[in-house]
Every structure is written in C-alpha cells, then in structure tokens.
Amino acid sequence: MPLFLIIPQGLELRAGSNKCLTSFVGGVLIKDNKILLTKGGDDYSLPGGHNQIGETSRETIIREFKEETGLDVEPLNVIS
C-alpha cells in the first residue's frame, strides 16, 4: 500500500551528561480522503516511532507502520 508522506524530526536526548541526536518518523496515509491515525490510550496520533541504530527514516516508517497497523507501506514523499 502506498504511503503518502513521511516526516522525520530531529530530537535531542540526554542520558546523564551525554547527549545524542535521534530521529522520530511519523507517516501520513491518505485513502478515500481519510487519514489513518493510531489510538494509544485516550490519544490519537500518526503511526511512527524512533529510528533504530543504523536504520534510515524510510526503513523506520516501513517497520513502524507494520508494527502499529499491520500494513505494508511504500513511502512516496519525504518532508523534513
């Protein structure tokens, strides 16, 4: 299933005095003029998550969509 957009965002995390840069990727899937959201507790959000070590944003969104929705997606456009 084609994925409409992926959106990487850089986040700075601290572990004690050490800093590292991580990336969060969220995806927007639009079908029949509807946007797919996931539900966690009382909140809704776009499917997505943090990159694993050595993983590209494209690989992350494919993995996260499969984990969170069961869908196989193919990223089409990237917005950073």
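The values are calculated or read from the model by the stated rules, or taken from the named source; none is laboratory data. Computed from a prediction, not measured in an experiment: that's the story for all the values here. Keep in mind that these areas ignore ligands, DNA and RNA; they rest on the heavy atoms of the full protein, side chains included. Shrake-Rupley method; radii C 1.70, N 1.55, O 1.52, S 1.80 Å.
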Checklist outcome for this item: Within the range 62-80, restricting to residues that are at pLDDT 90 or above and of a type in the set (A, V, I, L, M, F, W, C), the one that is nearest to residue 37 (Cα to Cα) is 65
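Evaluate the range 6-16: report whether one residue or more is at pLDDT below 65 and polar (S, T, N, Q).
For the range 6-16, residues at pLDDT below 65 and polar (S, T, N, Q): present.
Filter the range 21-39 for residues that are open to solvent by 80 Å² or more (accessible area, probe 1.4 Å), at negative phi and not basic (Lys, Arg); which is modelled with the highest pLDDT?
Applying the filter and picking the extreme gives 37.
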